[in-house]
Amino acid sequence: SFWPLRLPPYPLISAVKKILQCKDYYNLLGVSKEASESELKKAYRKLALQFHPDKNQAPGASEAFKAIGKAFAVLSDQEKRERYDQFGPEEARSSHSAQHHFHSHEDISPEELFNMFFPGFSNSNVRVHRQRHFNNARHQHQFHFAREDGQADGNDIMRLLPLFLIIIVYMISSIITSLQSPAYQLRPSSSYPHARRTETTDYHVPYYVSDSFAKEYASDRHTLYQVERRVETEYINYIQNACYEEKVYKQRDIQQARWYNNEARLKAAHEKRLPGCEALEKLQEQARGR
């Protein structure tokens with residue numbers, strides 16, 4: 001017979017509510033405003049392990065876990081901590097977003113932060129238990145809505161036929177497109193050895209073409225414009241993603257250097273260049289100068 005999951009003990013539910021209702025980062029972590037870095041780490045390790053969603057199944061545990069990681073990320077960073085002490089969380093957050101308006105996800109995620117403290121942590125039993133519960137619930141849902149004679153509703157299938165046809169046409173067109181050689185690449189190769197820059201658009205982005213490009217594309221101004229618009233869109237997406245990843249890795253290096261109290265490593269992490277972000281800033285300057 002199917003049995004629902006047991007409710008977690010009341011103390012766990014109460015502890016989650018307490019974390020979610022707490023607006024002060026120091027109180028949330030259970031430390032004083034004069035807490036040292038080692039005291040912050042100790043408090044984070046204890047709370048993060050207690051409220052990790054794989055260990056704590058109380059309602060709201062995932063949100064509490066994120067709140068704990070956010071509080072530690074702010075208070076363990078000297079600059080953010082000073083800004084928080086002066087303005088509070090809302091002002092600190094708005095100031096931070098104003099300085100980094102192009103990408104608002106510079107900080108590492110709660111899971112990445114947790115993995116720095118507990119590498120290799122997992123609780124497969126919890127995940128299996130949750131998956132079994134989900135499968136049982138889905139089976140009950142399907143059984144409830146099935147027809148008594150066990151046969152599918154023919155009208156529903158007929159209504160889905162147009163959707164199936166659209167999917168099939170899309171798949172066929174995608175296969176045909178993938179078999180065609182692209183008009184360009186953003187990096188040189190033996191098949192795309194010739195360097196060009198976009199000339200019909202704004203940013204003069206470098207790209208590389210094959211021997212047949214001039215004959216197939218460059219002779220028609222409109223076709224060339226369409227190709228170079230795709231070049232710029234792909235290039236901007238590429239450096240945006242590169243900039244985001246560079247910031248994440250830099251923040252991770254800073255956190256690890258602080259964790260090991262390694263001043264040389266911390267200095268190197270702060271001085272680490274971000275080529276993708278530099279390229280993105282250059283494009284932004286071009287856009288402002290137009």
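The values are calculated or read from the model by the stated rules, or taken from the named source; none is laboratory data. Predicted, not measured: the structure shown is a model, and the values here were computed from it. In this analysis, Cβ positions are derived from the backbone assuming ideal geometry, glycine residues included, and neighbour counts consider all displayed protein chains. Remember, those area values only see protein heavy atoms, side chains included, never the ligands or the DNA or RNA. Shrake-Rupley method; radii C 1.70, N 1.55, O 1.52, S 1.80 Å.
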- Message: Any residue at all in the stretch 248-270 that's within 21 Å of the chain's Cα centre (by Cα) and surrounded by fewer than 12 Cβ atoms within 10 Å (Cβ to Cβ)?
- Response: no
- Query: Are any of the residues in the stretch 219-226 loosely packed, with under 12 Cβ neighbours inside 10 Å, more than 30 Å from SER109 (Cβ to Cβ), at pLDDT below 85 and of a type in the set (Gly, Ala, Ser)?
  - Reply: yes
- Message: Can you tell me which residue is most open to solvent (accessible area, probe 1.4 Å) among those in the stretch 199-209 that are in a loop (DSSP other than H, G, I, E, B) and in contact with a strand residue (DSSP E or B) (Cβ under 7 Å, 6 or more places away or on another chain)?
- Response: HIS204
- Message: I'd like to know if the stretch 23-42 contains one or more residues that are farther than 20 Å from LYS80 by Cβ and free of Cβ contacts under 8 Å to residues at least 24 places away in the same chain.
- Response: no
